[in-house]
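Since the structure comes first, as C-alpha cells, the remarks are kept for the end.
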Amino acid sequence: MHHSRACLRKVGSVKQIARFYSSNRRSVLRQDVSRLPVHQFPVAKATDTRVYVWGLAATGALGMQTSLKKQAQIYTDFVQHPSRLSFAEGRHTVVDVAAGYGFTVYVIEKSDGTEVWGTGINTDGQLGVQKAPGSHKKPLELIIYPAPIDLSTAETEQRKRVVRVAAGRAHVLALTKNGSVLAWGNNSYGQCGRQIVAGEDYFRNPVINTITLDEPIRAIECGQDHSMMLTESGRIFTCGWSDDGQAGQGRYGLVDVPGSAEGDVKGERIVKVSSSCDTILAINDKGELFGWGNSEYGQLGDVAEDNPQISIPRHLSFAKECGKIVDIAAAGSYCLILNEHGDVFSWGYGILGFGPEVQHQPKPTRIPPALFGKNEFSPNAKVVSIACGITHAAAVNEQYDLYMWGHNRHACLGLGHKNDQFFPLKVALNARVHKVTCGVDHTVTLCKAFV
C-alpha cells in the first residue's frame with residue numbers, strides 16, 4: 001500500500017498511472033497474498049450514535065468549526081445538506097440534543113454520569129461562562145464548537161445525572177434522573193423558575209436554578225420564553241412569559257414561580273406537551289387533544305373564537321375525528337398531530353404540507369400518507385414521530401426516514417437548496433433517525449447507524 005502511494009507520487013499524470021498499473025499487474029498478481037497488509041475498516045454497530053446538523057452555520061449552532069480562523073473563512077454561512085458532526089463521534093456519546101434559537105445543547109454520556117455541552121449563541125449565558133483558552137479573560141458570546149457547560153453550582157449528583165434537555169429562545173432546561181430540573185440562561189420573564197432580578201447580567205454571571213416539585217418531573221419543554229414541566233402523575237407545571245396565556249394558569253403577564261396549569265386538563269393524565277413559540281398543545285393518556293396560548297391563526301379552533309389568547313387549557317374537540325393522538329407539535333402559526341395509525345394532520349396558517357395553494361386550514365386535515373413514503377412497496381412506512389420549529393416541520397417514519405417541509409430559512413430543511421418546501425420531502429441521511437429537533441434556522445438529528 002505504501003509502495004504504491006510512493007509510486008503514484010512519482011508517475012504523476014493519469015496516463016502514467018494507467019501505464020504503471022498495466023506494467024506491474026502481473027508482478028502484483030504473482031505476490032504472495034499472505035504477505036500483503038491487511039486493512040481493517042470500522043464496522044458500524046446498531047448502538048453507534050451519530051449526530052447530523054444543517055441550516056445556519058454563522059451562529060455556531062451547528063458546532064462544525066474548530067477555530068475562529070476557519071469560521072471567518074467558511075465558504076458559506078449555511079449548510080444545505082445534513083452534515084455528520086465530528087464532535088459526536090468517538091469519545092463523545094450523545095444521548096440527547098435540543099436546538100434553541102441559534103444554539104444547540106447536548107447531553108453527553110460519561111463513565112461516571114453525564115455532562116451538558118453547548119455551541120452557538122451565548123449572549124444570555126445559555127451556554128454558561130465560556131472563555132477562550134490562554135490568558136484571555138473575556139467571556140465568549142459565540143461558541144463555534146461544542147464546549148462543556150459549567151453546572152458546578154448545582155449539586156454534584158444532579159448535574160451528573162441529566163437525561164434530557166430542552167431549549168427556548170435564550171434559556172435551557174435539563175431534566176435529571178431523580179425528577180428535578182436545572183434551568184439557566186435568560187430569566188427576564190421568569191422562564192427559569194426563579195424570581196426576576198432587575199438588571200441581572202445573565203451573560204457574565206449565569207445562575208443554575210434547581211426546580212423541584214411535590215412529585216418527580218418526567219418531561220420538559222421550552223417555548224419561546226416560557227417553560228413547561230410534566231410530572232410523573234401527568235400534571236403540567238409552567239413558568240415564564242404569559243402575555244398570550246402560555247402559562248395556562250388563568251392569568252397573563254409574568255409567571256416567575258412554577259405553578260399548575262389546570263382548566264380542562266385538571267384530573268387528566270397528560271403524557272406530552274409541545275410548544276416552539278407561544279401556542280401550546282397537550283395530549284392525555286387517552287389520546288385526546290388540549291391547547292392554550294396564542295390562537296391568532298386558528299390554532300385552537302372554536303374555543304378561541306371570542307378571544308385569540310387562551311389562558312387556561314381547553315379541550316380541542318375538533319380533533320376527535322382524527323382518532324387517538326400519539327404525538328403533537330406546535331409551531332408558530334400552525335399545529336401538527338399524529339394518530340395511532342401513523343397519519344399526520346395539520347392546521348392553522350403557513351406551509352402546512354398541502355402544496356403552495358393551501359396556506360390555511362381551520363381544522364386538522366390529513367396530509368396524504370404517500371408523502372411520507374407509504375405505498376404498495378412500503379406499506380409499513382407509517383409516521384411514528386413529528387417535530388417542528390416556528391416555521392418548519394419534520395416527521396420520522398417507521399423505517400427511520402426523515403421528511404421535512406416548511407419555510408427553508410437558511411437551508412434548515414436539509415434538502416440541498418434554500419427554496420421553501422410545500423410538501424413533505426425525504427431528507428438524504430445515511431442513518432436511522434431517532435430524534436429531530438428544530439431551531440428557528442437550523443436542525444439537528446440524533447441517529448443510529450444502519451447495520
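Assorted remarks:
- Close pairs from the stretch 85-108: first at positive phi, partner among the basic types (Lys, Arg) and open to solvent by 10 Å² or more (accessible area, probe 1.4 Å), Cβ under 9 Å, at least 6 apart: Gly102/Arg169
- Those residues of the stretch 121-155 which are touching a residue at least 60 places away in the same chain (Cβ under 8 Å) and open to solvent by 30 Å² or more (accessible area, probe 1.4 Å), in sequence order: Ile121, Thr123, Asp124, Val129, Glu141, Leu142, Tyr145
- Test: Tyr349 is at pLDDT 95 or above, hydroxyl-bearing (Ser, Thr, Tyr) and within 15 Å of the chain's Cα centre (by Cα): no
Results for (1) within 22 Å of the chain's Cα centre (by Cα); (2) open to solvent by less than 10 Å² (accessible area, probe 1.4 Å), shown as yes or no for each residue.
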position: Glu268; (1), (2): no, no
position: Val271; (1), (2): yes, no
position: Asp285; (1), (2): no, no
position: Phe290; (1), (2): no, yes
position: Ile328; (1), (2): yes, yes
position: Ser333; (1), (2): yes, no
position: Leu338; (1), (2): yes, yes
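- Whichever residue in the stretch 160-195 is out of contact with any helix residue (DSSP H, G or I) (no Cβ under 8 Å at 6 or more places or on another chain), part of a loop (DSSP other than H, G, I, E, B) and open to solvent by 50 Å² or more (accessible area, probe 1.4 Å) and, among such residues, is nearest to Ala61 (Cα to Cα): Arg169
- Whichever residue in the stretch 211-236 is hydroxyl-bearing (Ser, Thr, Tyr) and open to solvent by less than 10 Å² (accessible area, probe 1.4 Å) and, among such residues, is nearest to the chain's Cα centre (by Cα): Ser227
- Wholly within the stretch 277-347, strands (runs of 3 or more DSSP E) carrying at least 2 residues that are among the small types (Gly, Ala, Ser): 289-294, 325-330
- Cβ-Cβ distances below 6 Å connect the following pairs, each with a first residue in the stretch 290-304 that is closer than 15 Å to Gln361 by Cα, a second residue that is in a strand (DSSP E or B) and polar (S, T, N, Q), and a separation of six or more residues or different chains: Gln299/Thr279.
The values are calculated or read from the model by the stated rules, or taken from the named source; none is laboratory data. Worth saying up front: this structure is predicted, and the values here are computed from it rather than measured. As a convention, Cβ positions derive from the backbone with ideal geometry for all residues, glycine included, and neighbour counts pool all protein chains shown. Calculation scope for accessible area: heavy atoms of the full protein, side chains included, ligands and nucleic acids excluded. Shrake-Rupley method; radii C 1.70, N 1.55, O 1.52, S 1.80 Å.
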